[in-house]
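A quick write-up on the structure given underneath.
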Amino acid sequence: MPNTDVPNVETQQHAIVVIGAGPAGAIAAALLKRRGHDVLIIERQRFPRFSIGESLLSHCLDFVEEAGMLEAVQAAGFQLKNGAAFACGERYSAFDFGHTSSQGRPTTFQVQRAQFDQVLADQAAAQGVTVRYEEEIVAAAFSEQPHAQPQATLQVRRADGQVYSIQARFVLDASGYGRVLPRLLDLEAPSQFPVRRAVFTHVEDRIDHPTFDRNKILVSVHPEHRDIWFWTIPFSNGRCSQGVVAADHHFEGKLGDLDACLKGFIQQTPHLRDVLANAVWDTPARTIGGYAANVKTLHGPGFALLGNAAEFLDPVFSSGVTIAMRSASMAAAVLHRQLQGEPVDWQAEFATPLKKGVDAFRAYVEGWYSGDFQDVVFYPNAQPDVRAMICSILAGYAWDTRNPFVNEPQRRLRALAELCQGASA
């Protein structure tokens, strides 16, 4: 169980404070604790708590294993996932994570995030990380002190309203959509993506459709509007997460009844309507909009931003948790060296290489909504080696620079899309 003791003192001292106990925070904290550092996690909510982002990519498990948490995740009973399937009208295309050019993990999991995040947070606590729930960072100040001295002063509010102070040598912000430091330090920047919205729920799915594979996420495309798509993520307990994503204008006049809104889009999509024909809609739908985000910088004196606290693109390829975990691993490695007294360059060793993979994901997200990547995904005669390189990105290996579709994502995708479009004409 997590150590939730809060000493009754005005100002506390900790080497590292991690904001948020989600996947990025739990993994970063565990990695640093395993290297011998004093780590405190401050989490605003009480776990377990609902979170979106339930379909993990294969690359995620590399970081789960690095943090010593893989055995616990494997024992939790989550739904096995071995790839991704795409459907649009009569077209269907499935990618197997066992056939990637990166030779990565062939399987991962589809998870109920409340349970998954609790497993990771508990594993971090079991390794000696102190986790404090229902506490919130309300103010933050950073100085240009030498790295051996505290660079951060945080004001923390407990659930009872009392406020105390923490001095830390470094702060990692893994607060996700809360985006604590970007808000407090005026680091928010406009996203380049159009405003989109998701409406989603969990259902007892009762799926018996012959084409449906419970070991894959199903991504379905609206038959008339290529920019409207759906996720269907099956869980191991006979339920699934079901959502629709579209630009805001597609939802005009429909958000008053979210259940009817979601069902209405599904009824317009025959293949998905058939897949969900027996579903029991027993959970009220939710919505989230304007989720794309960006920041002016990923790091500064005494802090670095992880995962969604830094940038969130779009849910279409389930890249959010992968980016979060990758950033946690990278930041923990740089910070460990810094705390050991080594000179480090956060821009060259963290921000720039992290951005390489994020930009690769971004190119395919943009290509999805333009239609280029959809043409590639559904192309029936793709060369096996090209398909394996695309599959690597879908499996999360967007930092594998041996893959030309990572090194030059926009140019390579555009050329491949033109080839697919020309062959299909």
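The values are calculated or read from the model by the stated rules, or taken from the named source; none is laboratory data. What you see is a predicted model; the values in this text were computed from it and never measured. Here the Cβ positions follow ideal geometry from the backbone for every residue, glycine too, while neighbour counts run over all protein chains shown.
Overview of results
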{"quantity": "Tally of residues being of a type in the set (F, W, Y) and assigned to a strand (DSSP E or B) across segment 235-244", "calculated": "0"}
{"quantity": "Unique match (being more than 17 Å from G83 (Cα to Cα), at pLDDT 95 or above and of a type outside the set (A, V, I, L, M)) among E366, E349", "calculated": "E349"}
{"quantity": "Filter result (under 17 Å from the mean Cα position of the chain (by Cα) and either assigned to a loop (DSSP other than H, G, I, E, B) or not assigned by TED's automatic domain parsing to the domain that holds I52 (or both)) within segment 153-192", "calculated": "A174, S175, R179, S191"}
{"quantity": "Boolean, Q383 is in the same structural domain as D62 (by TED's automatic domain parsing) and either within 21 Å of D96 (Cα to Cα) or out of contact with any helix residue (DSSP H, G or I) (no Cβ under 9 Å at 6 or more places or on another chain) (or both)", "calculated": "no"}
{"quantity": "Segment 120-130: number of residues that are crowded, with 21+ Cβ neighbours inside 10 Å and part of a helix (DSSP H, G or I)", "calculated": "5"}
{"quantity": "From the options G89, G77, residue that is within 30 Å of H271 (Cβ to Cβ), modelled with pLDDT under 95 and exposed (fewer than 15 other Cβ atoms within 10 Å of the Cβ)", "calculated": "G89"}
{"quantity": "Count of residues meeting criterion [closer than 21 Å to L258 by Cβ and either outside any strand (DSSP E or B) or not assigned by TED's automatic domain parsing to the domain that holds K263 (or both)] in segment 217-234", "calculated": "4"}
{"quantity": "Condition check for S220: small (G, A, S), at pLDDT 95 or above and over 30 Å from D173 (Cβ atoms)", "calculated": "yes"}
{"quantity": "Total residues in segment 131-173, condition aliphatic (A, V, I, L, M) and loosely packed, with under 15 Cβ neighbours inside 10 Å", "calculated": "6"}
{"quantity": "Filter result for L354 (under 30 Å from V171 (Cα atoms), part of a helix (DSSP H, G or I) and touching a strand residue (DSSP E or B) at 6+ places or on another chain (Cβ under 7 Å))", "calculated": "no"}
{"quantity": "Cβ pairs under 8 Å, 6+ apart, first in segment 353-364 and of a type in the set (F, W, Y), second crowded, with 20+ Cβ neighbours inside 10 Å and assigned to a helix (DSSP H, G or I)", "calculated": "F361/S319; F361/I323; F361/I393; Y364/F373; Y364/I393; Y364/P409; Y364/L413"}
{"quantity": "In segment 359-379, residue farthest from G89 (Cα to Cα) [restricted to those that are hydrophobic (A, V, I, L, M, F, W, C) and surrounded by fewer than 20 Cβ atoms within 10 Å (Cβ to Cβ)]", "calculated": "V365"}
{"quantity": "Tally of residues being in contact with a strand residue (DSSP E or B) (Cβ under 7 Å, 6 or more places away or on another chain), β-branched (V, I, T) and surrounded by fewer than 21 Cβ atoms within 10 Å (Cβ to Cβ) across segment 267-308", "calculated": "5"}
{"quantity": "Which numbered condition Q338 misses (of (1) farther than 17 Å from F142 by Cβ; (2) surrounded by fewer than 20 Cβ atoms within 10 Å (Cβ to Cβ))", "calculated": "(1)"}
{"quantity": "Qualifying position, being farther than 29 Å from Q45 by Cα and out of contact with any His (no Cβ under 9 Å at 6 or more places or on another chain), among P234, P210, P223", "calculated": "P210"}
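Okay, residues lined up against (1) assigned to a loop (DSSP other than H, G, I, E, B); (2) surrounded by fewer than 21 Cβ atoms within 10 Å (Cβ to Cβ); (3) in the same structural domain as E224 (by TED's automatic domain parsing):
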{"residue": "H250", "(1), (2), (3)": "no, yes, yes"}
{"residue": "K254", "(1), (2), (3)": "yes, yes, yes"}
{"residue": "K263", "(1), (2), (3)": "no, yes, yes"}
{"residue": "D314", "(1), (2), (3)": "yes, no, no"}
{"residue": "T322", "(1), (2), (3)": "no, no, no"}
{"residue": "M325", "(1), (2), (3)": "no, no, no"}
{"residue": "A331", "(1), (2), (3)": "no, no, no"}
{"residue": "E342", "(1), (2), (3)": "yes, yes, no"}
